[in-house]
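Everything on this sheet refers to the single structure shown next.
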Amino acid sequence: MPSIEMPSGPSGNNENEAFEFHELLDPTVLEDQNFQSRFGLSSNVSGDREADEGTPQLQQTESALDAKNSKCAKGRANRFDWESLTLDTWFGESIAMSFSFLCFIAIVAVLWVYDKKPNPNLKYGLTLNTIVSVLGTGCKSSLIFAVAEAIGQLKWVWFRNKRSRLHDMQSFDDASRGPLGSMMILFEHKAFSLVSLGAAITLLSLAFDPFIQQIVSYPIRETKSVSDQAPAKQARAFVLNGPSGDDINFVNSINAGIWTNNFDVYPTCPSGNCTWPAFDSVGWCSQCEDVTSKATLVGCDDFNLTRSDPHLGVTPCNLTLPHGEPANFNISVRSVSRGSLQMTFPEDVIWSVNYNPELGDPFSPVPTEVYLGVENPMFVVAHAEIDDPDNGSNPKIGRVTECILSLCTRTYHVSVSRGVPSVNTSSPTYGHPFYHIYLNGPESANYTGTPETCWKRDPGPVNVELVAGDPRDDTSHWENATEFAFCGLEHIHNNFPYQITGYAYYSRDYVSEIGAWITDYYDSTRNDNFQRVLDTSLANVMGNIAGSLTKLSLESGNDTVPGTVSRFEVYVAVDWTWIILPAGLLLSAIIFLVSTIFLNRRFKLDLWKSSILAPLYHGLDDDLLAGDNNEHPTASQMSRSANAVDVKLQFSDAKKRLLLQTE
């Protein structure tokens, strides 16, 4: 504490005595008789106090003042305690370094959570870069603060350890202020001192923020996920829904197949890029073949056409294939005038080859017939082109085409790429028909059964279950979706192929005047559907009908196959190599701070760190300045002078404190 010189009291003692300020403020000192006599103070001080104490109003005032002074003293004590904690210990730097470490851990945690994840959509418009940037700024700022304070303390350790140039005081201070000073001290110390580590940390911290930002990038990737929002239609059964099998949708689909040719059923793909696993589905398939070599005309050999033949009339004949029903037709000849004849014959015949009423009889064995390599197809239709007899010759077969139309299963390979669907199918499996009998009671002669004509994909026994309604109700049906087996086909022939069958007749007239046959075309059974087949070909129409019925099969059911949706999304990619520098700086800063703390304890120095008051109270010794007549008006002059002076932080016996001294 500073002291003051007080004059001698009335006693005449010329010796001055020093008193501390706090003694002058102590009431007990003021009441001391010796003190009063020395300084000529009236002895009425205590008397006045006694008189004042007798006044109640004054007593209350003094009590209030004492309470107020007590609060102020407590506030000053708390302030001094907080200042001591922050200025005289490493508490502030430890908190800063801990905060820096926690910010770094938070950066790592945030990046770890969002790494490889889709770019997050955060509240209030925040982005991941913003969060990382804020945490990085907090980490770096706290780290630099602790390092700067440690460099400031190393300044005093440096001069306490050995005699050094006074200019080093400025070098250390510059190093604690920023990268430029840190770079200069690195050159001065050649990186062989502890402060060089702090300077390197300060200098490299310039790259802290760019490295933190470089850790995160946002590339685009293709993600795949199975989703019900990308369904592909699948049919596990095909059931006629109308009464007695007269399904209007079935008939409409056949008519659509006759007249149109686009029956693609595309899957739903919300992203434009989807794939589906291969799956089987029930549909309809067609197959056609030229069977001219297997066809024969029966009964047409009796046909004889001569103008002198008196037995003119009708000659029945038919066209027979190895299996199934033949095509029956007549060739007629009649006299139309003297010397003139007219012959009528079918030039085109389309007929159903395999219509068999017993197919719907469950008590009869399932007929086994093979058409075009397919066992028991649902429909077989043939188209025969007959060459007209000329000049009395027998009719000849021009060309015969046989087609089948039947239930089948195919394996579907479906995909959508860039919005363009692709549907590829395997070769069909035509399956096998079978019978199922539902008994209304115990199997006995007293009960009648309800027959069902069924179809299954695979050979061997299979069980079917009632799906909906009463078995006696036309809306119910039996099926086994897992095995692709179903019933309700006993009336299927009511729906096809009557739409396209028929005859196209021609007539030829012999004109005696010219002695030649001429052709007059007429057709009493032709219809538009029949003509459509003649114009396009039976194979083409049957293929379109198969496609139309397959579309009906897919769209009438509820079965779907979920697809794998491919989406392009922006995701968070963390390159952990960029975090090496920030992590290294943080670790180095911790090591630097701890090393500074232990080194400072070794020299038993108080903590002055970067305080501006320390150079004022513990600056240059008066002896150093006494012989220096230079005013040092500029910073450069002070720098040059400091380079010429070596000082050391030592205890001054005269000043009773640590000072920078030359000796």
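FYI, it's all coordinate maths here, none of it is from the lab. Predicted, not measured: the structure shown is a model, and the values here were computed from it. Note: ideal-geometry Cβ built from the backbone for every residue, glycine included; neighbour counts use all protein chains shown.
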Please give me the summed charge of the neighbours of Leu586: other residues whose Cβ is under 15 Å from its Cβ, Lys and Arg +1, Asp and Glu -1. -1
HN-Hα J couplings of the range 556-562 from phi, Karplus 6.51/-1.76/1.60, θ = phi - 60°, integer Hz, Gly and Pro as x? 7, x, 10, 7, 9, 10, x
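Over 18 Å between Cα atoms: which of Lys294/Lys396; Lys233/Lys456; Lys604/Lys648; Lys609/Lys655 fall into that group?
On the way: Lys294/Lys396 13 Å; Lys233/Lys456 20 Å; Lys604/Lys648 15 Å; Lys609/Lys655 21 Å.
With Cα atoms farther than 18 Å apart: Lys233/Lys456; Lys609/Lys655.
Give me the net charge of Thr223's neighbourhood, meaning all other residues with Cβ under 10 Å from the Cβ of Thr223; Lys, Arg count +1, Asp, Glu -1.
Working: positive: Arg221, Lys224, Arg567; negative: Glu222, Glu569.
Computed value for this residue: +1.
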Sum up the charges of everything whose Cβ sits under 13 Å from the Cβ of Pro118, counting Lys and Arg as +1 and Asp and Glu as -1, but leave Pro118 out. +1
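May I ask you to work out the translational diffusion coefficient for the range 535-611 at 20 °C, viscosity 1.002 mPa s, via Stokes-Einstein with Rh from the Kirkwood sum over Cα pairs, reported in whole µm²/s? Present the calculation step by step, with values, prior to reporting the outcome.
Values: Rh = 21.3 Å.
Result for D is 101 µm²/s.
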Could you sort the peptides 249-256, 554-561, 537-544 by per-residue average Cβ neighbour count (10 Å cutoff), highest mean leading? 537-544, 249-256, 554-561
